[in-house]
Amino acid sequence: MPPLTHGDAQDLLARYKRAWERRDVELAMELFTDDAEFRFDPFEPALDGANAIRAWWNATVAGIAHVDFDAERIWLSGDTVLASFHAAWTEQSGAGRIRTRGFLTFELAPDGRVRRFRDWSRTKNVGIDSTFRPEPVADAPGRQRSP
């Protein structure tokens, strides 16, 4: 792989942003190698491989809406892209608006896909998204209730 440029890093983060904001699992999976390691918490076990990563993305995007993601600063070190970021989303179950800030690392394989992903972030519920109407939750056949 030729040396990474700042433009390469920006392109990677733009694809990551599109995957999040569109809640597009297929687009997200294009970023990762089949044997990638994916870690959203440095103190929890990693997700290893495409099946585990896909399952995490499927479960995560199924429960959120109104996603915003922005990289603030980007650094390069060898085959690694590092970025500070902020993001926000709405929980579909109760319209809670969540904000997060953190730091990401993407270690790239020779083909330019991510082989190791790390995230260190702080997340906070900042209120209710008044523009979002949660879907009713079924509690008995034929009956709906709000969360």
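Within the stretch 108-123, is there a residue that is within 18 Å of residue 32 (Cα to Cα), at pLDDT 95 or above and aromatic (Phe, Trp, Tyr)? Yes - at least one qualifying residue is present in the stretch 108-123.
Only residues that are under 11 Å from residue 97 (Cα atoms) and assigned to a loop (DSSP other than H, G, I, E, B) were counted across the stretch 116-136, and they come to 4. What are the residues in the stretch 25-53 that are more than 19 Å from residue 110 (Cβ to Cβ), surrounded by fewer than 17 Cβ atoms within 10 Å (Cβ to Cβ) and touching a residue at least 24 places away in the same chain (Cβ under 8 Å), if any? Those that are more than 19 Å from residue 110 (Cβ to Cβ), surrounded by fewer than 17 Cβ atoms within 10 Å (Cβ to Cβ) and touching a residue at least 24 places away in the same chain (Cβ under 8 Å): 40, 41, 42. Of all the listed residues (141, 134), the sole one being at pLDDT below 95 and crowded, with 17+ Cβ neighbours inside 10 Å is 134.
Residue-level check: of (1) under 12 Å from the mean Cα position of the chain (by Cα); (2) crowded, with 17+ Cβ neighbours inside 10 Å; (3) under 22 Å from residue 3 (Cβ atoms), residue 15 misses just (2).
Being more than 13 Å from the chain's Cα centre (by Cα) and among the hydroxyl-bearing types (Ser, Thr, Tyr) narrows it down to one of 5, 100, so name that one.
Working: 100 fails: more than 13 Å from the chain's Cα centre (by Cα).
After ruling out the rest, the residue left standing is 5.
All conditions in (1) open to solvent by less than 20 Å² (accessible area, probe 1.4 Å); (2) over 17 Å from residue 121 (Cα atoms) hold for residue 87, with the sole exception of (2).
Answer yes or no as to whether residue 70 is open to solvent by 30 Å² or more (accessible area, probe 1.4 Å) and either within 11 Å of the chain's Cα centre (by Cα) or within 30 Å of residue 128 (Cβ to Cβ) (or both). Yes.
The values are calculated or read from the model by the stated rules, or taken from the named source; none is laboratory data. It should be emphasised that the depicted structure is a prediction, and the values quoted were computed from it without experimental measurement. Please note: Cβ atoms are built from the backbone with ideal geometry, for glycine as well, and neighbour counts cover all protein chains shown. Accessible surface areas use protein heavy atoms only, side chains included; no ligands, DNA or RNA. Shrake-Rupley method; radii C 1.70, N 1.55, O 1.52, S 1.80 Å.
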